Amino acid sequence: PCHFFATKCALEGTKKGHKLHLDYIGPCKFIAPCIDNELNEFPLRMRDWLKNVLVSLYERDEDNNMLSEKQKLRVKKIYENQKRLQAGEHSLDLLAHDFEKNYNMYIFPVHWQFGQLDQHPIDGYLSHTELSPLRAPLIPMEHCTTRFFDQCDTDNDKYIALEEWAGCFGIKEQD
């Protein structure tokens, strides 16, 4: 893949006005192809990670105002829930079980992350560019990232709507 990216830059980068999308920044890594089984596991880890990111922000947000008061109230419920799965490595079975058991705990983190990414413009759709702050740090660790985001775009319009995003993470349409 590294040679492919280098070639892509050399060839397409010479076209006037042609935009390039980098998947990640850093030393070249061999990124294995994402097999179907791994693709099915990806949302389990990603949901848990989104929840943990939000809880971590809440813990550190004394007066940094990274979260609004309304957001803090939503995250406080997750933070104080004793049934919450603590951050760390968990089996996929446990992650799946926790999602079923504590479904409501995962709704807000998924919606919140969409809102964090939907910035340029704020239009209810995520473009490839808007996904890059999430994609870039994940790709070297999670090789199914690109395939997952491609799969989320169910209508193949190159944008991920909130409904598509939530659906990718197993959040029900009414939530």
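The values are calculated or read from the model by the stated rules, or taken from the named source; none is laboratory data. The shown structure was predicted, so the numbers you read here are calculated from the model rather than taken from an experiment. Please note: Cβ atoms are built from the backbone with ideal geometry, for glycine as well, and neighbour counts cover all protein chains shown.
One residue stands out among those in the stretch 141-175 that are part of a loop (DSSP other than H, G, I, E, B) and among the β-branched types (V, I, T): the one that is nearest to the chain's Cα centre (by Cα), which is I171. All of G88, G17 fail the test of being of a type outside the set (S, T, Y), modelled with pLDDT under 80 and either surrounded by 15 or more Cβ atoms within 10 Å (Cβ to Cβ) or outside any helix (DSSP H, G or I) (or both), apart from G17.
For the stretch 91-114, filtering for residues that are under 28 Å from E130 (Cβ atoms) and surrounded by 13 or more Cβ atoms within 10 Å (Cβ to Cβ) leaves 13. Filtered by the rule that a residue be surrounded by fewer than 17 Cβ atoms within 10 Å (Cβ to Cβ) and without any contact (Cβ under 8 Å) to a residue 24 or more places away in the chain, the stretch 150-166 gives D150, T154, D155, N156, D157, E163.
If we scan the stretch 137-150, do we find a residue that is of a type in the set (S, T, N, Q) and within 30 Å of F30 (Cβ to Cβ)? For the stretch 137-150, residues of a type in the set (S, T, N, Q) and within 30 Å of F30 (Cβ to Cβ): present.
Condition first: part of a helix (DSSP H, G or I) and modelled with pLDDT of 95 or more. Can you find one or more residues in the stretch 133-140 that meet it? Spell out the reasoning first.
Residues of the stretch 133-140 part of a helix (DSSP H, G or I): 133-138.
Checking which are modelled with pLDDT of 95 or more leaves us with none.
No, there is no match, as no residue in the stretch 133-140 is part of a helix (DSSP H, G or I) and modelled with pLDDT of 95 or more.
Note on the stretch 32-77: residues that are aliphatic (A, V, I, L, M), part of a helix (DSSP H, G or I) and under 19 Å from the mean Cα position of the chain (by Cα) total 9.
Kindly evaluate L95 against the criterion of being closer than 17 Å to L44 by Cβ and touching a Ser or Thr at 6+ places or on another chain (Cβ under 9 Å).
On the way: closer than 17 Å to L44 by Cβ: yes; touching a Ser or Thr at 6+ places or on another chain (Cβ under 9 Å): no.
Taking the combined requirement at face value, the residue does not satisfy it.
Restricting the stretch 42-85 to residues that are polar (S, T, N, Q) and closer than 15 Å to N102 by Cα, the residue that is surrounded by the most Cβ atoms within 10 Å (Cβ to Cβ) is N52. Residues in the stretch 29-47 that are of a type outside the set (K, R), farther than 16 Å from P137 by Cβ and touching a residue at least 12 places away in the same chain (Cβ under 8 Å): F30, A32, P33, C34, E38, L39, E41, P43, L44.
Checking every residue in the stretch 116-132 against the condition of being assigned to a loop (DSSP other than H, G, I, E, B), on the phi > 0 side of the Ramachandran plot and exposed (fewer than 15 other Cβ atoms within 10 Å of the Cβ) gives at least one match.
Of the residues N104, N52, N81, only one is in contact with a helix residue (DSSP H, G or I) (Cβ under 9 Å, 6 or more places away or on another chain), within 18 Å of G167 (Cα to Cα) and polar (S, T, N, Q); which?
Details: N52 fails: within 18 Å of G167 (Cα to Cα); N81 fails: within 18 Å of G167 (Cα to Cα).
Answer to the selection: N104.
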